[in-house]
Structure formats: C-alpha cells, structure tokens
Amino acid sequence: MISPSVCLLCHAPSTTAPLQRGILLVHSCPNCGLNYGETDEASATLEAGSVDTSPHHFSTLLTQSEALAPALAGLVEGRMAAFVERLGEKPRHWLEIGPGSGLLSAIVARHGGSWRGCEIDADMAAEMMARGLDVVQADFSAIDPATLFTPEVAAQGGFDMLFLSQVFEHVRNPDRFLDNAYAALRPGGVIYIDVPNDGGLTAIIRRLNKWGGTYGEVVPPYHMIAYGAKTLGYALEQAGFEKVSVSTAAYNDAVYGLAHARIHRSSKFQTLWTLSGIVGLGGNLVAMAQRPLGGGDAAAC
Ligand SMILES: [Zn+2]
C-alpha cells in the first residue's frame, strides 16, 4: 500500500500514524489541517491521472440533464450579484473546469458571456463537443492554462471567471491546480469553488460510523481529499488569491446549493438538508476569491 508521508496541499510531512477505517487510511496534516485518504484502489487511479472521477457520475448527469438545467440556472442567477459585486460588471469570459454535461454554457450565453469548458474525461468531452459546446479535453493541472485562452481572453490577460462545482475535491494535486487557476484568470478575475463540507452535518454523521469505510468527506475511491472552511481558504491564499471568502450552505439552498439537491424528491433528505443549513452545518462549502489587480504573488488577506 502506498501511504503518502507528505500533505497533498502544503507538502508538510505527517507526524502521526494515519487513522484507519477498513482499507481507508486517513491522514490529518499537522501544518494546514487537511484531511486526505489513501487506499490501494485510489493509489491505482492516481497513477492514471491527477483526478479521481466516476463514469457512473457522468451517465447520471446526462440522464438528469433536462431537470438539472433550470435548477442550475436558478442557482447561478442568485450568485450573479456576488460575481458582479466583485468584478464591477457581469463576467464576460468564463472558464469551467469539470463542466459535467455543460449546462452552464447556455446560462452564460443568456447573460451575454462566452463559456469554455475544460474536461479531463475523453468520453464526456467528446459528448459535449458533439453537441457543439466549446470544450477542451485536458487535465487542467497538467497543462499551460494559456492554451485555453481564446484570442479575446488572451487580449485581456485571462478569463474573468473561473467556475468549478464539486470538482476540486477530486483533484489530487490541489496546489498545482490552483497555481494554474491563478494563471488562467486576468488580474481581478474571480474564482468560484464549491466542495463537500468536511465540517458539515453529513461529514459529522459519517465520522461517527467507525465501520463505514469513510471518514467525513473522505469517501473512497473518488473523494480522497476533504476540505473544511479553514483548509479551503488556506489553499486559495497559498496560491496567491486575495479577498478569499468561504461560507457554508445547505445542499438545497436556493443560491449556494447544488442543482441535483434542488431537484431531489426525497422529503427526508430535503428536511435533513434544510435543518443542516439552519444549524450552520450545511454540506456545501463555497469559496470565492480574486487574482489581485496588481497580479502579484502574495496573498493580501
Ligand atoms: Zn498540509
């Protein structure tokens, strides 16, 4: 079994033995507090690429696409005010990493913007390209982000808006990924990230179950890194972003929730999610930050 002895985010060496849950080993970084897991299976996928993804997830996204589209549109409409407040205008040029089935494309177009998706999975990228969507098939961590620039984006020094929802927790090299995110944005450009909240109600319940084979939001084989508010904010500041804000929301929140939760029919889950939001333990961890206008490397927050 390969067991990482250094933190996947800050590279500090681990000083204590990992916690064991079945075949899962969970490390907690003594420096930045990141919780990250390792199993034989996840080690194997790490060899193949820098992202752990599930093909089943993609097929679900495609079959639910029609119902998810209006739900996502409602969420993005609600967030637009926050994006405009940061940018001083509506974002024009958007880059989405891990765009799912590409539903954001039409929403951005309705707001007069341009959208480009960067998708690591070849089949998913091909499916979107066949529908005429502007998608580049690439591992975002492993490329020069300038290769994603259109001439208009290159002329202004990068994208206005970088959007990734429920993607960053799959990325096995978060520091390199965020360096590229910084380089993909123009000075002043905004990054929006949401991930499962390791401090949320679902994570707390999972941590109580010693026999579940998971630990909070470390859920093998696809979620091997679990972020809390502190570690997600730390990751963005380390990459040089400023005006870092991190907040939590219930999965079914009308603005910062998730599209699939908004259309979920189970009243049991809806009640649980609503309750999690009321007590401040929402499952969605939402971060926004900006590349400094000066374009410098140091975080100003
Ligand atoms: Zn660390």
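The values are calculated or read from the model by the stated rules, or taken from the named source; none is laboratory data. Bear in mind the structure is a predicted one, so any value in this text is a computation, not a measurement. Backbone-built Cβ (ideal geometry, glycine too); neighbour counts: all protein chains shown. The area values use the complete protein model at the heavy-atom level, side chains included, leaving out ligands, DNA and RNA. Shrake-Rupley method; radii C 1.70, N 1.55, O 1.52, S 1.80 Å.
Does Tyr215 qualify as being open to solvent by 40 Å² or more (accessible area, probe 1.4 Å), of a type in the set (Phe, Trp, Tyr) and more than 12 Å from the chain's Cα centre (by Cα)?
yes
Only one of Gly233, Gly257, Gly240 is crowded, with 17+ Cβ neighbours inside 10 Å and under 27 Å from Ala71 (Cβ atoms); which?
Gly257
Hey, could you check segment 151-173 for residues that are over 23 Å from Arg86 (Cα atoms) and in contact (Cβ under 8 Å) with a residue 24 or more places away in the chain and say which is surrounded by the fewest Cβ atoms within 10 Å (Cβ to Cβ)?
So the residue we want is Asn173.
Identify, by number, the condition in (1) touching a helix residue (DSSP H, G or I) at 6+ places or on another chain (Cβ under 6 Å); (2) of a type outside the set (A, V, I, L, M, F, W, C); (3) open to solvent by less than 30 Å² (accessible area, probe 1.4 Å); (4) farther than 25 Å from Leu275 by Cα that Arg176 doesn't meet.
(3)
Of Phe177, Phe159, Phe168, which residue is closer than 24 Å to Leu75 by Cα, under 14 Å from the mean Cα position of the chain (by Cα) and aromatic (Phe, Trp, Tyr)?
Phe168
Per-residue answers, yes or no, for (1) modelled with pLDDT under 95; (2) away from the ligand (no atom under 16 Å from the Cβ):
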residue	(1), (2)
Ser3	yes, no
Thr15	yes, no
Gly22	yes, yes
Glu41	yes, yes
Leu62	yes, yes
Ala67	yes, yes
Pro70	no, yes
Phe83	no, yes
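Limited to segment 179-211, what total is found for residues that are over 19 Å from Asn252 (Cβ atoms), touching a residue at least 60 places away in the same chain (Cβ under 8 Å) and open to solvent by 40 Å² or more (accessible area, probe 1.4 Å)?
4
Report, by residue number, each residue of segment 66-108 that is of a type in the set (Val, Ile, Thr) and either closer than 24 Å to Asp123 by Cβ or open to solvent by 30 Å² or more (accessible area, probe 1.4 Å) (or both).
If the condition is that a residue be of a type in the set (Val, Ile, Thr) and either closer than 24 Å to Asp123 by Cβ or open to solvent by 30 Å² or more (accessible area, probe 1.4 Å) (or both), then Val84, Ile97, Ile107, Val108 are the ones that fit.
Exactly one of (1) crowded, with 20+ Cβ neighbours inside 10 Å; (2) more than 25 Å from Thr248 (Cβ to Cβ); (3) not basic (Lys, Arg) is unmet by His56. Its number?
For His56, the exception is condition (1).
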